[in-house]
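The values are calculated or read from the model by the stated rules, or taken from the named source; none is laboratory data. What you see is a predicted model; the values in this text were computed from it and never measured. Heads up, the Cβs are rebuilt from the backbone with ideal geometry, glycines too, and the neighbour counts pull from every protein chain shown. Accessible surface areas use protein heavy atoms only, side chains included; no ligands, DNA or RNA. Shrake-Rupley method; radii C 1.70, N 1.55, O 1.52, S 1.80 Å.
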Amino acid sequence: MAPTSHLPPNKLPVVISGPSGVGKGTLFNLLFERHPDTFAFSVSHTTRSPRNGEQDGVHYKFVTKEAFQELKAKNGFVESAQFGSNFYGTSKATIQEQSAKGKVVVLDIEMEGVKQIQASDLKARYVFIAPPSEEELERRLRGRGTDKEEDIIKRLTQAKKELEYSKTPGVHDKIIVNKDLETAYKELEDFIYAPVSE
Ligand SMILES: Nc1ncnc2c1ncn2[C@@H]1O[C@H](COP(=O)(O)OP(=O)(O)OP(=O)(O)O)[C@@H](O)[C@H]1O
């Protein structure tokens with residue numbers, strides 16, 4: 001499809017989840033490339049320090065632990081989590097700001113975050129990206145060349161839990177198997193651009 005900035009009929013935020021290495025980032029990149037000025041990625045808050053090249057407000061909103069806790073106490077996050085000694089969260093204000101600019105917000109959220117958003121008052125659409133097989137997921141994680149062996153094992157263990165959870169009826173509006181990239185992309189685009197159903 002040629003680049004177009006037309007908005008989908010359904011403007012609700014789209015929550016995309018799926019195991020690490022399944023291709024979420026790859027699919028997001030295609031969506032943003034092929035629909036410029038249409039979607040906004042929800043930038044998370046974090047209390048960890050920026051890594052080289054990371055910009056505040058682009059990769060993360062970098063905040064202090066105090067500022068994070070204050071916002072959390074005010075019920076300012078739709079989901080939040082702690083990894084190691086750092087906190088991460090998706091703020092309601094971030095989603096509202098982007099929606100107010102006329103963008104459709106897309107969120108990349110892990111399983112526990114999905115559960116929290118579903119328990120929150122945010123109305124959203126839920127897509128799960130599944131691998132063709134666990135073996136192929138492992139191949140992709142290794143092929144990406146970004147993770148240490150111990151991290152690959154952790155990601156694969158977590159992937160089993162995510163795949164199990166994805167079978168829970170009613171959690172996701174759409175499950176897409178990312179076998180052939182263009183086919184999976186088309187399914188994602190068709191879902192996002194589908195007419196509003198009541
Ligand atoms: N359909 C596909 N066929 C083959 N390889 C793919 C496909 N989709 C993505 N990949 C490759 O798989 C690897 C993992 O993809 P990607 O980094 O997008 O995953 P991710 O779900 O965003 O992972 P994370 O949650 O860890 O960020 C990349 O090397 C990517 O090029």
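Numerical summary
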item	result
Karplus-derived HN-Hα couplings along the stretch 22-38 (A = 6.51, B = -1.76, C = 1.60, θ = phi - 60°), whole Hz, x at Gly and Pro	6, x, 4, x, 5, 5, 4, 4, 5, 4, 5, 5, 8, 10, x, 6, 10
Set of aspartates and glutamates near LYS101 by C-alpha distance (under 16 Å), chain-local residues within fewer than 8 positions excluded	ASP37
Other-chain or far-sequence residues with amide H under 5 Å of GLU79's (modelled H)	THR90
Long-range amide H partners of SER44 with built H, under 5 Å	LYS61
Linear extension gain, GLU33 paired with PHE191, 0.36 nm per residue minus alpha-carbon span	55.2 nm
Listed residue pairs exceeding 19 Å between alpha carbons, taken from LYS154/LYS174; LYS11/LYS123; LYS92/LYS123; LYS24/LYS179; LYS61/LYS160	LYS154/LYS174; LYS61/LYS160
The chain: equivalent-ellipsoid semi-axes (sqrt of 5 x gyration tensor eigenvalues, Cα, Å)	24, 23, 17
Gained length - ALA93 relative to ALA67, 0.36 nm times residue gap less alpha-carbon distance	7.9 nm
Percent antiparallel among DSSP beta bridges (both partners in the chain, rounded to 5)	30 percent
Rounded to whole Hz, the Karplus (6.51, -1.76, 1.60) HN-Hα couplings of the stretch 173-187, x for glycine and proline	7, 8, 10, 10, 8, 8, 9, 8, 4, 5, 5, 5, 4, 4, 5
Surface accessible to a 1.4 Å probe, per residue, for the residues of the chain, Å²	55 Å²
SER49 - accessible surface, heavy atoms, 1.4 Å probe, Å² rounded to 10	90 Å²
Gained length - LYS74 relative to ASN10, 0.36 nm times residue gap less alpha-carbon distance	20.1 nm
Calculated FRET value between ARG51 and LYS115, using beta carbons and R₀ = 30 Å, to 0.05	0.60
At R0 = 35 Å, FRET efficiency that the Cβ-Cβ distance of ASP180 and VAL58 yields, to 0.05	0.70
Integer Hz, Karplus 6.51/-1.76/1.60 couplings in order for the stretch 134-144, x for Gly and Pro	5, 5, 5, 4, 4, 4, 5, 4, 5, x, 5
Formal net charge of residues neighbouring GLU97 (Cβ-Cβ distance under 12 Å; K, R +1; D, E -1)	+4
